[in-house]
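Taken together, the values in this text are just the output of simple stated rules run on the coordinates, not laboratory data. Keep in mind the model is a prediction, meaning the values are calculated, not measured. Here the Cβ is made from the backbone with ideal geometry for all residues, glycine too, and neighbour counts use every protein chain on show.
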Amino acid sequence: MPTGKVRFYDSEKGFGFLTKEEGGDVYVRATALPPGVTSLKPGQKVEFGVVEGRKGEQALSVRLVELPPSLSKAQRKSPEQMTVIVEDLIKMLDGLGNSYRRGKHPDAKVATKVASVLRAVADELEL
C-alpha cells in the first residue's frame, strides 16, 4: 500500500491531492477518507490504495498513519500550572457551597466569575 503526505485538501469541495513518497500526486475524494474523518491537513502522513482514473491516479481507502500535530495540545498548561488553577477553583467552589448552605444564591458577579473559570478548566481538561 503506497504511503505519502497530504499536499492539499479542501473539505468544502471534498477533494484534494496526496504526494506519494516515491513522487507524483494522487487525487483524493472525500469518499476515500476513513469513517468519521471529514478533512485532511497538509503534511499529514497517510496510506492509500491507488486506482488509475480517467485523469490519472486516484486514492482509495485512505488510512491516517499520523495525526496532524495539535496546536491546542502544544499550548496546554503544565501540570504545575494546572495544580494551582485546580486548587484555586476548589477554594472558589467551597465559598460557593458555603453560600448555598446558608440558603443564599451567589451574587451575579461571583457566579459569572466561577462559571468563567469552570469553562476554562473544562476546556483545558478536554485537550
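What Kirkwood hydrodynamic radius do you get for segment 71-126 when you take the inverse of the mean 1/r over all pairs of distinct Cα atoms, in Å? Mind showing how you got there, number by number?
Working: mean 1/r = 0.0802 Å⁻¹.
Every distinct Cα pair counted, the radius reaches 12.5 Å.
Under 5 Å between amide H atoms, partner at least 5 residues away or on a different chain: which partners does PHE8 have, H built in plane at 1.01 Å?
PHE17
Among GLY23, LEU125, GLY49, whose Cα sits farthest toward the positive end of the charge dipole of the chain (+1 at Cβ of Lys/Arg, -1 at Cβ of Asp/Glu, about the Cα centre)?
The residue sitting most towards the positive pole is LEU125.
May I ask you to derive the relative contact order of segment 1-40, considering only C-alpha pairs under 8 Å and at least 6 residues apart, and to give it as an integer percent? Present the calculation step by step, with values, prior to reporting the outcome.
Working: 58 pairs, mean separation 14.2, N = 40.
It comes to 35 percent, rounded to a whole number.
Whole percent per 5 Å bin, from 0 to the bin with the longest distance: what is P(r) over all C-alpha pairs of the chain?
Result, from short to long distances: 2, 9, 15, 14, 9, 7, 7, 7, 8, 7, 6, 5, 3, 1, 0, 0 percent.
For the pair GLU12/MET92, report the inter-label distance in nm, with labels modelled 7 Å from Cα in the Cβ direction.
3.7
To the nearest 20 debye, what is the magnitude of the charge dipole of segment 71-126 about its Cα centre, counting +1 on the Cβ of each Lys and Arg and -1 on the Cβ of each Asp and Glu?
Working: 10 positive and 8 negative charges, 50 e Å.
I would put it at about 240 debye.
Applying the Karplus parametrisation 6.51 cos²θ - 1.76 cosθ + 1.60 with θ = phi - 60° to the phi angles of segment 34-39, what ³J(HN,Hα) value in whole Hz is obtained for each residue in order, glycine and proline being reported as x?
x, x, x, 9, 10, 8
How high is the relative contact order of the chain, in percent, counting Cα pairs under 8 Å that sit 6 or more residues apart?
Details: 168 pairs, mean separation 23.1, N = 127.
So the answer I get is 18 percent.
Sorted by average packing, counted as other Cβ atoms within 10 angstrom per residue and highest first, what order do 105-115, 25-35 take? Walk me through the intermediate numbers first.
On the way: 105-115: 11.6, 25-35: 16.5.
Going by the mean number of other Cβ atoms within 10 Å, highest first, we get 25-35, 105-115.
Pairs of lysines 8 or more apart, or on different chains, with alpha carbons under 12 Å: count those in the chain, would you?
On the way: LYS5/LYS20; LYS5/LYS41; LYS5/LYS45; LYS20/LYS45.
Lysine pairs, 8 or more places apart or on different chains, close enough: 4.
How large is the dipole of the chain about the Cα centre if only Lys and Arg carry +1 and Asp and Glu carry -1, each at its Cβ, rounded to the nearest 20 debye? Before the final figure, lay out the partial values.
Values: 20 positive and 17 negative charges, 96 e Å.
For the chain, the charge dipole is close to 460 debye.
Using a simple charge model, +1 on the beta-carbon of Lys and Arg, -1 on the beta-carbon of Asp and Glu, nothing else, what dipole does segment 3-64 show about its Cα centre, in debye to the nearest 20?
Using only the charged Cβ atoms, the result is roughly 120 debye.
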